[in-house]
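The values are calculated or read from the model by the stated rules, or taken from the named source; none is laboratory data. Computed from a prediction, not measured in an experiment: that's the story for all the values here. In this analysis, Cβ positions are derived from the backbone assuming ideal geometry, glycine residues included, and neighbour counts consider all displayed protein chains.
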């Protein structure tokens, strides 16, 4: 621990004074975290509005869009045209995954929380941290620019399968800008990953051993490892695709004749070798957050902490060898098909251990139903449905029927949209007082929960039902198929639930901004928990900790009998009290 | 359209009619999944709700049990439940799927003389289906080529090989419970067999550009006699339309055993 001790002894760096250095080009992880958070939340709204437009078209194919139709789709008289629809689902997926959820989870909460949770004054590389945000900002600018170029925004889907994504299938600068934006987005992620890994390895406070880390830190740390390993694969795919688009290479371009030209399937291998770990990249921090918060609000130590950590590591290892289940219909060799099926199914072992430990945490707790807890419990529900439906898609026999139907859409939205967003809301309600020094309104928060949770499940479980009946994704007008006409009623119902879900988010926006200046000032430790971030003022000072804390126990010491004499049911990670031997 | 209008308000929740030899295996897998995952989910949800009700903080219950769940019996319990789920759902499914794939879906009728061989060419945004005609060779004037309509005999295997001209497409037959991608630069294959005559839809499942939505065709399954009569008519028509110089002849290739 000599290294950590010397780092702890380093002098406190002075806080910057200029406006630009403090709020714009800041190297403070808390400021950068908020920048990521605001960028992500803004694009969450943009991607959400796109989802509403997609749902409008599916509910009433070809009907003019009310209110905003004349503004967005002027040339088509307010109607969403097939190219506009194609661009909408392409950009909805791209924005939500790369420009909303990733910045919020990893850039936003990751940045803000990591140093505070491990007892560090900042990230290991503060300038790299700043560069990570501004690289993302440039990527975002390029992506937005693609709306304003000739031939319009990208239209090859968020997966951008070659050859559709090459100049052959989607000519125009829009798709090229998309490729560059994704590349830069990845570069930003890798900068963050390198920084997070180093920070956790080197800057943990004295006594903060691996098994005393909050699960949130475990989630972020493992996510960073996946990011560092697999985002470069996406980068490689983007570079090759860019060459194909601009310089006439044929890495992914092929014609009718087998064996001549490049290989479109190579793109799918590269994309999913990144793309499947990406699912875990996003959900791992959420799992960590849920693991911690369930313990905090059940007032009980996280059940089976070591098994949970082992399960998270197991998922990380397995995540790189399952991606082939996205490609069962490409004519994979039988050996590959069966191997990917079995490997995918093995992932259900660590994930079921994870869920069982969550249930174990709740059992015999003294559960408090504050807003963050409601969102956590909602997450457990949607993650259950989303996770179990993943088994349908791991089974090659079932997947050959379900692949590319709305069942897939429902499944991955239950994980990537529902479970993830619910965890993000849980995290926001929980750490908002730490970030801004004020509490979010609890009553509005609970209303927000119910108005989110119920329609969310109606939308995505509805999509599962529609997909099980066979309806494909990405159809401009499903009624072209006679078989999908009887699904019109269900499709419309899903859309109505989606509008309600969208509208309910206004409650959150209102609560978020009103609480910034009207919210109840946050008490020092509003949730009565023992992790390090609550041992400093809210919001924390520039250097976080006046003295680097010395950690003496794990993050979840709730209901510890040694706390009883102190008149509370929790012990902080740093306080020295007599504990009876275990 | 009257039918469509009437159906608009309806909410259908059954799978499309299965008229294939092996589709019931898919339905069986879906059924098994739904029952087993349904039970697992219901039990887990029940435990969670019980905990939320019984162990909520209230007067008289302010203090939780202090356990880290690291005792051997805690671990034994979680690992046992995880193992039961894994064996009961995953292993069972994987074993069944392997059996089904090897005995049915991946057992291509390479050596079945009765199998109808079809070369499929996918392009933005149409399907063309080609059978070899009486001479048994593809790319000759007696080939029968149809656009967006696949006619097949009931009771004989239909063996498809697919190519794509421009982008990736995916031939999707919901009533036969399968789909297979058509990929530029390679050949993919699949087979199925109709067990009842009827007209069903053929779609594209892979986003293939703005016209993806319109890339729809029909599959007509005919009884053997009806199929032969149709084939005779179609052959004459195709022969009249055949033009060796036109690009369409290049859509054919020599059929080989295997891929």
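In region B:186-208, which residues are assigned to a loop (DSSP other than H, G, I, E, B) and surrounded by fewer than 23 Cβ atoms within 10 Å (Cβ to Cβ)?
B:186, B:187, B:195, B:196, B:197
In this structure, does residue B:46 turn out to be within 30 Å of residue B:101 (Cβ to Cβ) and at pLDDT 95 or above?
Criteria not met by residue B:46.
Each row is one residue, and each column tells you yes or no for (1) more than 7 Å from chain A (Cβ to nearest Cβ); (2) exposed (fewer than 15 other Cβ atoms within 10 Å of the Cβ); (3) over 23 Å from residue A:291 (Cβ atoms).
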position: B:29; (1), (2), (3): no, no, yes
position: B:32; (1), (2), (3): yes, no, yes
position: B:35; (1), (2), (3): yes, yes, yes
position: B:42; (1), (2), (3): yes, yes, yes
position: B:53; (1), (2), (3): yes, yes, no
position: B:57; (1), (2), (3): no, no, no
position: B:66; (1), (2), (3): no, no, no
position: B:76; (1), (2), (3): yes, yes, no
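Is at least one residue of region A:127-145 within 30 Å of residue A:478 (Cβ to Cβ) and touching a helix residue (DSSP H, G or I) at 6+ places or on another chain (Cβ under 6 Å)?
yes
Within the set of pairs 6 or more residues apart or between chains, which connect a residue that is without any contact (Cβ under 8 Å) to a residue 12 or more places away in the chain inside region A:160-189 to a residue that is buried (at least 24 other Cβ atoms within 10 Å of the Cβ) and assigned to a loop (DSSP other than H, G, I, E, B) with Cβ atoms less than 9 Å apart?
Pairs found: A:164/A:155; A:164/A:156; A:164/A:170; A:164/B:167; A:164/B:168; A:164/B:206; A:164/B:207; A:164/B:208.
Among the residues in region A:412-427, are any more than 7 Å from chain B (Cβ to nearest Cβ), part of a helix (DSSP H, G or I), over 30 Å from residue A:447 (Cβ atoms) and in contact with a helix residue (DSSP H, G or I) (Cβ under 6 Å, 6 or more places away or on another chain)? Before you say what the answer is, go through the steps one by one.
Step one: of region A:412-427, the residues more than 7 Å from chain B (Cβ to nearest Cβ) are A:412-427.
When the remaining residues are screened for being part of a helix (DSSP H, G or I), the result is A:412-427.
From the residues that got through so far, the ones that are over 30 Å from residue A:447 (Cβ atoms) too are none.
Taking every residue of region A:412-427 in turn, none turns out to be more than 7 Å from chain B (Cβ to nearest Cβ), part of a helix (DSSP H, G or I), over 30 Å from residue A:447 (Cβ atoms) and in contact with a helix residue (DSSP H, G or I) (Cβ under 6 Å, 6 or more places away or on another chain).
When region A:437-491 is examined, which residues are found to be surrounded by fewer than 21 Cβ atoms within 10 Å (Cβ to Cβ), under 30 Å from residue B:169 (Cβ atoms) and away from every other protein chain (no Cβ under 14 Å)?
None; the set is empty.
Identify, from the list B:243, B:223, the residue that is within 30 Å of residue A:169 (Cβ to Cβ) and more than 14 Å from every other protein chain (Cβ to nearest Cβ).
B:243
When only residues in region A:386-396 that are facing chain B (nearest Cβ under 7 Å) and in contact (Cβ under 8 Å) with a residue 24 or more places away in the chain count, which is farthest from residue B:96 (Cα to Cα)?
A:391
Assuming residue A:409 fulfils every condition listed in (1) within 7 Å of another protein chain (Cβ to nearest Cβ); (2) part of a helix (DSSP H, G or I) apart from one, which condition is it?
(1)
Only residues that are in a helix (DSSP H, G or I) and either at positive phi or more than 7 Å from chain B (Cβ to nearest Cβ) (or both): list them for region A:397-406, please.
Within region A:397-406, A:399, A:402, A:406 meet the criteria.
Of the residues A:24, A:46, A:65, A:31, which single one is in contact with a helix residue (DSSP H, G or I) (Cβ under 8 Å, 6 or more places away or on another chain) and without any contact (Cβ under 8 Å) to a residue 12 or more places away in the chain?
Details: A:24 fails: in contact with a helix residue (DSSP H, G or I) (Cβ under 8 Å, 6 or more places away or on another chain); A:46 fails: without any contact (Cβ under 8 Å) to a residue 12 or more places away in the chain; A:65 fails: without any contact (Cβ under 8 Å) to a residue 12 or more places away in the chain.
Of the residues listed, the single one that is in contact with a helix residue (DSSP H, G or I) (Cβ under 8 Å, 6 or more places away or on another chain) and without any contact (Cβ under 8 Å) to a residue 12 or more places away in the chain is A:31.
Restricting the search to region B:94-122, which residues are over 13 Å from residue B:192 (Cα atoms), within 11 Å of chain A (Cβ to nearest Cβ) and either touching a residue at least 60 places away in the same chain (Cβ under 8 Å) or surrounded by fewer than 19 Cβ atoms within 10 Å (Cβ to Cβ) (or both)?
Answer for region B:94-122, where residues must be over 13 Å from residue B:192 (Cα atoms), within 11 Å of chain A (Cβ to nearest Cβ) and either touching a residue at least 60 places away in the same chain (Cβ under 8 Å) or surrounded by fewer than 19 Cβ atoms within 10 Å (Cβ to Cβ) (or both): B:95, B:96, B:97, B:98, B:99, B:100, B:102, B:121, B:122.
Kindly establish whether residue B:224 is more than 17 Å from residue B:251 (Cβ to Cβ) and in contact with a helix residue (DSSP H, G or I) (Cβ under 6 Å, 6 or more places away or on another chain). Talk me through it step by step, then tell me what you get.
Numbers: more than 17 Å from residue B:251 (Cβ to Cβ): yes; in contact with a helix residue (DSSP H, G or I) (Cβ under 6 Å, 6 or more places away or on another chain): no.
Considered against the rule, which asks whether it is more than 17 Å from residue B:251 (Cβ to Cβ) and in contact with a helix residue (DSSP H, G or I) (Cβ under 6 Å, 6 or more places away or on another chain), residue B:224 comes out as no.
Looking at residue A:349, is it buried (at least 22 other Cβ atoms within 10 Å of the Cβ), within 11 Å of chain B (Cβ to nearest Cβ), in a helix (DSSP H, G or I) and at pLDDT 95 or above? Break it down stepwise before answering.
Numbers: buried (at least 22 other Cβ atoms within 10 Å of the Cβ): no; within 11 Å of chain B (Cβ to nearest Cβ): yes; in a helix (DSSP H, G or I): yes; at pLDDT 95 or above: yes.
Spelling it out, it is not the case that residue A:349 is buried (at least 22 other Cβ atoms within 10 Å of the Cβ), within 11 Å of chain B (Cβ to nearest Cβ), in a helix (DSSP H, G or I) and at pLDDT 95 or above.
Show the residue pairs meeting these rules: Cβ distance below 8 Å; 6+ apart or different chains; first residue within region A:78-92 and on the phi > 0 side of the Ramachandran plot; second residue part of a helix (DSSP H, G or I) and surrounded by fewer than 22 Cβ atoms within 10 Å (Cβ to Cβ).
Correct list of pairs: A:78/A:69; A:78/A:70.
Of all residues in region A:121-157, which are in a loop (DSSP other than H, G, I, E, B) and either farther than 30 Å from residue A:199 by Cβ or touching a strand residue (DSSP E or B) at 6+ places or on another chain (Cβ under 9 Å) (or both)?
A:149, A:150, A:151, A:152, A:153, A:154, A:155, A:156, A:157
Would you point out which residue out of A:221, A:296 is more than 10 Å from chain B (Cβ to nearest Cβ), buried (at least 24 other Cβ atoms within 10 Å of the Cβ), touching a strand residue (DSSP E or B) at 6+ places or on another chain (Cβ under 8 Å) and not in a loop (DSSP other than H, G, I, E, B)?
Only one candidate qualifies: A:296.
In the list B:166, B:90, which residue meets the criterion of being outside any strand (DSSP E or B), buried (at least 22 other Cβ atoms within 10 Å of the Cβ) and within 14 Å of chain A (Cβ to nearest Cβ)?
Exactly one of B:166, B:90 is outside any strand (DSSP E or B), buried (at least 22 other Cβ atoms within 10 Å of the Cβ) and within 14 Å of chain A (Cβ to nearest Cβ), namely B:90.
Select from region A:246-277 the residues that are within 14 Å of another protein chain (Cβ to nearest Cβ), crowded, with 24+ Cβ neighbours inside 10 Å and either in a helix (DSSP H, G or I) or touching a strand residue (DSSP E or B) at 6+ places or on another chain (Cβ under 7 Å) (or both) and list them in ascending order.
The answer is A:264, A:267, A:268, A:271.
Among the residues of region B:29-42, write down those that are within 23 Å of residue B:191 (Cα to Cα) and in contact (Cβ under 8 Å) with a residue 60 or more places away in the chain.
Selection gives B:29 alone.
Determine which member of the set A:324, A:310, A:360, A:291 is closer than 17 Å to residue A:394 by Cβ and either facing another protein chain (nearest Cβ under 8 Å) or part of a helix (DSSP H, G or I) (or both).
Selected residue: A:324, the only one of A:324, A:310, A:360, A:291 that is closer than 17 Å to residue A:394 by Cβ and either facing another protein chain (nearest Cβ under 8 Å) or part of a helix (DSSP H, G or I) (or both).
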